[in-house]
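S.K.: Pasting in a structure now, in structure tokens, and then I'll have a few things to ask.
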Amino acid sequence: MPTPRPVPSWLSDAVLYQVYPQSFADSGGDGIGDFAGLAARLEYLAWLGVDAIWLNPCFASPFRDAGYDVSDYLATAPRYGDAGALAELTEQAGRLGIRVLLDLVAGHTSDRHPWFLAAAEDPADHRYIWADHPAERFVASPGGRPGWYLPNFFDFQPALNFGYARTDPAEPWRQPVDAEGPRANRAALRAIMAHWLGLGVAGFRVDMASSLVKDDPGTVETGRLWTELRGWLDQRHPDAALLAEWGDPARSVPAGFHADFFLQFGGDTDGRPLRSLWQNGAGTDQDGWPAEPCYFDADGKGDFGVFLDAWRAADRAVGSAGRISLPTSNHDFSRLACGPRTRDQLAPAFAFQLTWPTLPAIYYGDEIGMRYVPGLPDTEGSTLGPRYNRAGSRTPMQWDAGPGAGFSTATDLYLPLDPAADRPDVATQRADESSLLHQVRHLIALRRTHPELGTHGEVEVLHTGYPLAYTRGDRFLIVVNPRRAPATLPLPTPTPRRELTTHGIHLTDTHLHATGFSYGIFEL
């Protein structure tokens, strides 16, 4: 393969914003968000200062898994609008300097996809993985074809056949990666991506990107698949972005992705680096995750070193080939404002996220402190376990203090609004220059004004306890105290000469004093 092209310049230090489309803005009054509603809110996103929005899947779907069960990759779901409405959205966003990324579900389809309906009747069809006798995790055929198929996640999401890294004559469904079915699926991925890139989207975030080739130790063959696809993308669509839902940048970026996220799963420690920052056990909590304090917690018992060590290792592996992205949350994970952590405690988390050398990804509503809402019903496959209901992170965006929160005029909404009497909203915070929203906007502006605060500047960590203190590019000192109790540090050398923004940080001749839930950025 030729040497991959550099990361597209527009992505190199972008601020990403994730939109869960059915919960963002409803223009039609049916209680479900849509393309036109999002288009009407682009001015807000431009004002906030984001560079790109990533939409969760908006393809045709039965919505048994909130759109991650695709029934037609080349058609949009009617609930959101047609392809013309999506093209209009991308055009309007482009005029404001905002790019639109789609969510590509690469490893599986819905069991209602025409490909699967045909395969369930035709034993000669190899687009999916079929066994001729019961095997672990396989599901009985729903059609005239005898046998069993392999799902990729839920049973109604049959895995597309990209082959097996290890074949076995006793299991003939283990086709090699260069068999006819895997080749056809790789070609289909290229065709799907080319279709939407031709309509103006700027790239893709790839769902379950590490899941394609089965029984793949070290994801070696899956990596080769993405390296091949990246070579095609560099030749045909050199300005397009490819982001991974892999959770292991050290593997995914060398495989060909421009960026990967630290996630609540992935890597050798199953997502511990991200969870060590934000996870307080009060929202989405999975069996097997150890109960350990996170760093951004009011009690101040967390260990920043968990994240720091993981980031350093990933940064060495990634080098200049791509980027590591750090999200505030996502549609599968608790919001920052979760359980006892309130929006009044969130500013230090944003000060860290927007000054660390990663691509920040803001989950819609986190910038105003929308909270994870517990106790919601299972909605479109949101519940993954007794303590893991993703619906709590997917509630409607809160635009104003009205009855529908400015999200919709309907009374029956996709998900209930946060019932809290003091729920935050955009309009109220936009009018209050001391609000969390204005603090986030100011931090984004500082990052854009001073490149050393972004992905390019060097970082030196001065203190990993409380407060966290580090320098960027030998020009800026960042201090973050996410705990309730105040904290003090000896004044570092060189001493700060000018404050860019502070919230509860005070300097004396010898020391730096941080009140609870404080942060500061100083020029050295």
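The values are calculated or read from the model by the stated rules, or taken from the named source; none is laboratory data. None of the values given here were measured: they were computed from a predicted structure. Cβ: placed from backbone, ideal geometry, glycine included. Neighbour counts: every protein chain shown. Side chains included, ligands, DNA and RNA excluded: accessible areas come from the protein's heavy atoms. Shrake-Rupley method; radii C 1.70, N 1.55, O 1.52, S 1.80 Å.
S.K.: Suppose we keep just the alpha-carbon trace of segment 375-422; what are its Rg and Dmax in angstrom?
M.R.: 11.7, 33
S.K.: Here's something else I'd like to know. Would you please put 102-112, 159-169 in order of how densely packed they are, using the mean number of other Cβ atoms within 10 angstrom per residue and starting with the highest?
M.R.: My ranking of the peptides, most packed first, is 102-112, 159-169.
S.K.: In segment 382-518, what percent of the accessible surface is made up of carbon and sulfur (1.4 Å probe, ligands and nucleic acids excluded)?
M.R.: Carbon plus sulfur share of accessible area: 52 percent.
S.K.: Averaged per residue, what accessible surface does segment 151-250 expose to a 1.4 Å probe, in Å²?
M.R.: On a per-residue basis, segment 151-250 sits at 36 Å².
S.K.: Same structure, new question: Can you give the accessible area of GLU121, probe radius 1.4 Å, in Å² rounded to 10?
M.R.: 110
S.K.: Given the alpha-carbon gyration tensor of segment 383-524, what are the semi-axes of its equivalent ellipsoid in whole angstrom, ordered largest first, with each equal to the square root of 5 times an eigenvalue?
M.R.: Equivalent-ellipsoid dimensions as semi-axes: 37, 17, 16 Å.
S.K.: Something else: Which order do peptides 174-186, 210-222 fall in by mean Cβ count within 10 Å, highest first?
M.R.: 210-222, 174-186
S.K.: Calculate one ³J(HN,Hα) per residue across segment 390-407 by plugging θ = phi - 60° into the Karplus curve 6.51 cos²θ - 1.76 cosθ + 1.60, and present them in order as whole Hz with x for glycine and proline.
M.R.: 6, 4, x, 9, 10, 6, x, 4, 9, 8, 8, 8, x, x, x, 6, x, 7
S.K.: Just grab the label-to-label distance for ASP422 and THR342, each label 7 Å out from Cα along the Cβ direction, in nm (one decimal).
M.R.: 0.3
S.K.: Can you run phi through the Karplus equation (6.51, -1.76, 1.60; θ = phi - 60°) for segment 439-454 and list ³J(HN,Hα) in whole Hz, with x for Gly and Pro?
M.R.: Ordered by residue, 3J(HN,Hα) equals 5, 5, 4, 5, 5, 4, 5, 5, 4, 6, 6, 10, x, 5, 7, x Hz.
S.K.: Rounded, prolate or oblate, given the Cα gyration tensor of segment 342-413, with a/c below 1.5 counting as rounded?
M.R.: It is oblate, given that a/c is not under 1.5 and a/b is not larger than b/c.
S.K.: Sum up the charges of everything whose Cβ sits under 14 Å from the Cβ of ARG430, counting Lys and Arg as +1 and Asp and Glu as -1, but leave ARG430 out.
M.R.: Surrounding charge for ARG430 is -4.
S.K.: Oh, and also: Under the rule a/c < 1.5 gives rounded, and otherwise a/b versus b/c splits prolate from oblate, where does segment 144-187 land using the Cα gyration tensor?
M.R.: Note, shape of segment 144-187 comes out oblate.
S.K.: Leaving ligands, DNA and RNA out of it, rank ASP72, ASP299, ASP51 by accessible area with a 1.4 Å probe, largest first.
M.R.: Order by accessible area, largest first: ASP299, ASP72, ASP51.
S.K.: Please give the helix 304-318 orientation as an angle from the longest Cα principal axis of the chain, in degrees from 0 to 90, rounded to the nearest 10.
M.R.: Rounded to the nearest ten degrees, it is 60.
S.K.: Near the amide H of ALA259, under 5 Å away, which other amide H atoms are found, from residues 5 or more places off or on another chain, if H is placed in the peptide plane?
M.R.: Here LEU242, ALA244, ARG323 satisfy the definition.
S.K.: Just the accessible area for LEU274, please: 1.4 Å probe, Å², rounded to the nearest 10?
M.R.: Approximately 0 Å² for this residue.
S.K.: Could you please report the charge total around ALA120, scoring K, R as +1 and D, E as -1 over all other residues with beta-carbon less than 14 angstrom from its beta-carbon?
M.R.: Computed value for this residue: -2.
S.K.: A further question on this structure: Taking the Cβ-Cβ separation of GLU292 and ARG190 as r and a Förster radius of 45 Å, what is the calculated FRET efficiency to the nearest 0.05?
M.R.: 0.60
S.K.: Continuing with this model, one more query. Expected output is a single nm value to one decimal: the length gained when fully extending between ASP509 and ALA140, i.e. 0.36 nm times separation in residues minus the C-alpha distance. What is it?
M.R.: 125.5 nm
S.K.: A further question on this structure: With r defined as the distance between the Cβ atoms of ALA170 and VAL220 and R0 fixed at 30 Å, what FRET efficiency is calculated, to the nearest 0.05?
M.R.: Using R0 = 30 Å, I get an efficiency of 0.85.
S.K.: Give a residue-ordered list of calculated ³J(HN,Hα) values for segment 58-65 (Karplus: 6.51 cos²θ - 1.76 cosθ + 1.60, θ = phi - 60°; whole Hz; x for Gly, Pro).
M.R.: Along segment 58-65, the couplings run 10, 7, 4, 6, x, 6, 7, 10 Hz.
S.K.: Also, quick follow-up: Find the percent of Cα-Cα distances in segment 86-234 that exceed 25 Å, and round it to a whole number.
M.R.: In whole percent, the share of Cα-Cα pairs in segment 86-234 beyond 25 Å is 34.
S.K.: For segment 158-285, rounded, prolate or oblate, judged on the Cα gyration tensor with a ≥ b ≥ c (square roots of eigenvalues), a/c < 1.5 rounded, else prolate if a/b > b/c?
M.R.: oblate
S.K.: Taking the Cβ of ASP26 as the centre, find all other residues whose Cβ is under 12 Å away and add up their charges (Lys, Arg: +1; Asp, Glu: -1).
M.R.: Spelling it out: positives minus negatives among the neighbours equals -1.
S.K.: Would you please give the residues with an amide H less than 5 Å from that of ASP103, counting only those at least 5 places away or on a separate chain, with H modeled from the backbone geometry?
M.R.: Amide H neighbours of ASP103: LEU55, CYS58, ARG205.
S.K.: Dividing the convex hull volume of the alpha carbon atoms of segment 223-309 by its residue count, what do you get in Å³ per residue?
M.R.: Spelled out: Cα convex hull of segment 223-309, divided by residues, is 114 Å³.
S.K.: For the residue pair THR449 and ALA124, what label-to-label distance in nm results when each label sits 7 Å from Cα along the Cα-to-beta-carbon direction?
M.R.: 6.8
S.K.: I'd like the antiparallel share, as a percent to the nearest 5, of DSSP beta bridges with both residues in segment 1-154.
M.R.: DSSP beta bridges in segment 1-154 are roughly 45 percent antiparallel.
S.K.: For ASP270 and ALA179, calculate 0.36 nm times their separation in residues minus their Cα-Cα distance, and state this gained length in nm to one decimal.
M.R.: Extra length available between ASP270 and ALA179 comes to 29.6 nm.
S.K.: Between LEU96 and ASP132, what FRET efficiency follows from the Cβ-Cβ distance if R0 is 60 Å, with the result rounded to 0.05?
M.R.: About 0.65, to the nearest 0.05.
S.K.: Right, another one. What do you reckon, how do ARG447, ARG5 stack up by accessible area (1.4 Å probe), largest on top?
M.R.: The most accessible residue leads, giving ARG5, ARG447.
S.K.: In addition: Out of all DSSP beta bridges in the chain, what portion is antiparallel? Express it as a percent rounded to 5.
M.R.: In the chain, approximately 55 percent of DSSP beta bridges are antiparallel ones.
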